[in-house]
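The values are calculated or read from the model by the stated rules, or taken from the named source; none is laboratory data. All values derive from a computational prediction rather than experimental measurement. Cβ sites come from the backbone with ideal geometry, for glycine too, and all protein chains shown count toward neighbours.
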Amino acid sequence: MKLTQKRLGIIIVLFLIVVVSFMLFYPKNEEKPIESLPINEFGENEVNQKLPLTLEVGEDDKKPETIAYRLWFDLIQSFKDEGLIENAYFKRFHFLEGDENDFVVAVVYQVEPRENTHTSFGEVNEEGLVDNIVWKLRIRKDSRLIYTLESFEKSTDTLIGLPPVQDEESYQKEAGIEPHEDFRYEIANEMLKITYDNGKGWVEVPATMEELFGGDYSGSKEDLIDGSYIINPQKTAFVLVSGEEMYLLMTMDQGKTWNKVLIKDQLPSVRQRFIGFTSEKDGYLIFTCDRTMSFEANFVMKTHDGGKTWEMAGLVEETQRLVTSGGFINDMLGFISFGTVNVMDEPPRPSLYRTDDGGGNWEEVEVPIPDEYKEIFTIAEIPVFKDGHGTLIVNQGPNGDYLGGKVLAKYTSEDEGKTWVFSSLIDPNNVLGEER
């Protein structure tokens, strides 16, 4: 027994000697240093080395901005092919000066450099992009379809090519729009309340949530349906829908007494409802019903006794597209917006109709979108008028993403809305100011 234990001890000792010897004398694998990728440069020198750049454009490429895009695209593509940049995205091209033979076009774009690329054109943001790079491209026409990009010049004017920009406050002042924070409503615990003194006192409205949100409506019930009410000390009114009947609930004494008037019955699935008064006696109600897919019926009703009785005034027969907004400037002049027109092979455009006979006859009016903003500004709102001067806003629609989706296009009219001219952009959130 002792002999066996002695042999076992010798074996263990020998094993340990072998292990230690192996660790001491066996050559270790030396870790090879990781080779760092070479740093590439994308800057002025690299761009200038590729200039002048010449190419042949297509027969339809006649505008200076289009020709500039072709040259810029080829130039950027060469850096992509060399692995310096991942991608580039232009924001706009804008003609600055010159004639058809020699001209300058500005381009504002963003670039996504490769991980091993350093650029002197700006800082890389969290999304991996260098934003708002501005180049002035000098271009020469060599022959009928041959053009050469001779040189480029950097600029820090990130708003280059944009029209005049207004903030929301100055626009409202110019258009005569006066927000009344004193007159507002609140929905709490299934009850609608209104105030005329900015919340110091509240009046309950004798209407149910089912009536306020009745008909073809599936949106939020935290806010009233746009256009379905007016609140001011002289006249407060709410459009109510119950089954196939539509009513007007109205007070003339700030909620002390209320009158409920039947406007019309036998209405299948009322959707939009836009109520308003252009004088003490004259008022309008534009409403839609019986929606099927992207089509619905539209109607205009009028009152001339302050809302006590209503009669049918007309409809827009030319189209049954979905209505987005509607309103009257006075008893005769009115507008209805039918959102966006989408026609094959054409960019989407606003659809705005006008009447000057109280709603009996309607004609579509043109809202000309500048080329650089086509497919961006697509839905016309109802214009406002002050001292004969009309102002129309065109928004980007629910899916707009240009500069965050909130920037608006402003148009003006001097002939009661028969024609409209693009004037400027309106920047409610100051996103354009932040780009400087």
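Note on the range 269-283: residues that are in contact with a strand residue (DSSP E or B) (Cβ under 6 Å, 6 or more places away or on another chain), among the charged types (D, E, K, R) and surrounded by fewer than 23 Cβ atoms within 10 Å (Cβ to Cβ) amount to 1.
The residues on offer are ASP427, ASP387, ASP415, and the sole one that is in contact with a helix residue (DSSP H, G or I) (Cβ under 9 Å, 6 or more places away or on another chain) and acidic (Asp, Glu) is ASP427. Within the range 231-274, the set of residues being within 34 Å of the chain's Cα centre (by Cα), of a type in the set (Ser, Thr, Tyr) and outside any strand (DSSP E or B) comprises SER269 only. Tally the residues that are in contact with a strand residue (DSSP E or B) (Cβ under 6 Å, 6 or more places away or on another chain) and under 30 Å from PRO64 (Cα atoms), restricting the search to the range 341-364. Matching residues across the range 341-364 total 5.
Kindly check whether there is at least one residue in the range 175-194 that is loosely packed, with under 15 Cβ neighbours inside 10 Å and hydroxyl-bearing (Ser, Thr, Tyr). No, there is no match, as no residue in the range 175-194 is loosely packed, with under 15 Cβ neighbours inside 10 Å and hydroxyl-bearing (Ser, Thr, Tyr).
Here is a list: LEU145, LEU159. Which entry is within 28 Å of the chain's Cα centre (by Cα), aliphatic (A, V, I, L, M) and closer than 27 Å to PRO64 by Cβ? Can you show your working first?
Details: LEU145 fails: within 28 Å of the chain's Cα centre (by Cα).
Of LEU145, LEU159, the one residue that is within 28 Å of the chain's Cα centre (by Cα), aliphatic (A, V, I, L, M) and closer than 27 Å to PRO64 by Cβ is LEU159.
Among the residues of the range 209-220, is there at least one that is on the phi > 0 side of the Ramachandran plot, modelled with pLDDT of 90 or more, among the charged types (D, E, K, R) and not assigned by TED's automatic domain parsing to the domain that holds VAL104? So that I can check it myself, show each step before the final result.
Initially, the range 209-220 is screened for residues on the phi > 0 side of the Ramachandran plot, giving 215.
Keeping just the survivors that are modelled with pLDDT of 90 or more gives 215.
Filter once more, so that each one left must be among the charged types (D, E, K, R): none.
No, the range 209-220 has no match at all.
For VAL384, indicate whether it is surrounded by fewer than 19 Cβ atoms within 10 Å (Cβ to Cβ), farther than 20 Å from LYS302 by Cα and over 18 Å from the mean Cα position of the chain (by Cα). Steps first, please.
Details: surrounded by fewer than 19 Cβ atoms within 10 Å (Cβ to Cβ): yes; farther than 20 Å from LYS302 by Cα: no; over 18 Å from the mean Cα position of the chain (by Cα): yes.
Here the answer is no, as VAL384 does not meet what is asked.
Annotation: TRP72 fulfils all but one of (1) within 23 Å of GLU372 (Cα to Cα); (2) modelled with pLDDT under 90; (3) not basic (Lys, Arg); the unmet one is (2). Among the conditions (1) over 28 Å from GLU311 (Cα atoms); (2) charged (D, E, K, R); (3) in contact with a Ser or Thr (Cβ under 8 Å, 6 or more places away or on another chain), the only one that ASP371 does not satisfy is (3).
Considering only residues in the range 410-427 that are surrounded by fewer than 18 Cβ atoms within 10 Å (Cβ to Cβ) and of a type outside the set (D, E, K, R), the one that is nearest to GLN166 (Cα to Cα) turns out to be SER424. Could you check how many residues of the range 80-130 are β-branched (Val, Ile, Thr) and either free of Cβ contacts under 8 Å to residues at least 24 places away in the same chain or not assigned by TED's automatic domain parsing to the domain that holds GLU150 (or both)? Matching residues across the range 80-130 total 2.
Suppose the filter is at pLDDT 95 or above and at negative phi; does LYS235 pass it? Give the derivation first.
Working: at pLDDT 95 or above: yes; at negative phi: yes.
Yes: the conditions hold for LYS235.
Name the single residue, out of those in the range 289-346 being among the β-branched types (Val, Ile, Thr) and surrounded by 20 or more Cβ atoms within 10 Å (Cβ to Cβ), that is nearest to LEU392 (Cα to Cα).
That would be ILE336.
Of the conditions (1) touching a Lys or Arg at 6+ places or on another chain (Cβ under 8 Å); (2) buried (at least 17 other Cβ atoms within 10 Å of the Cβ), GLY255 fails just one. Which one is it? (1) is the only condition that GLY255 fails. Looking at GLY397, GLY360, just one residue is within 26 Å of THR303 (Cβ to Cβ) and either of a type outside the set (A, V, I, L, M, F, W, C) or free of Cβ contacts under 8 Å to residues at least 24 places away in the same chain (or both), and that residue is GLY360.
What are the pairs with Cβ atoms under 9 angstrom where one residue, in the range 201-216, is crowded, with 17+ Cβ neighbours inside 10 Å and the other, located anywhere, is modelled with pLDDT of 95 or more and assigned to a helix (DSSP H, G or I)? Sequence gap at least six, or different chains. Correct list of pairs: VAL205/LEU212.
Here VAL105 meets each of (1) in contact with a Lys or Arg (Cβ under 9 Å, 6 or more places away or on another chain); (2) surrounded by 14 or more Cβ atoms within 10 Å (Cβ to Cβ); (3) at pLDDT below 90 with one exception, condition (3). Counting only strands (runs of 3 or more DSSP E) that sit completely within the range 50-128, those holding 3 or more residues that are in contact with a helix residue (DSSP H, G or I) (Cβ under 9 Å, 6 or more places away or on another chain) correspond to 53-56, 85-98, 102-113. Residues considered: ASN330, ASN298, ASN259. Of these, the only one that is of a type outside the set (Ser, Thr, Tyr) and farther than 17 Å from SER228 by Cα is ASN330. Considering the conditions (1) in a loop (DSSP other than H, G, I, E, B); (2) farther than 12 Å from THR309 by Cα, LYS281 is excluded by exactly one of them, (2).
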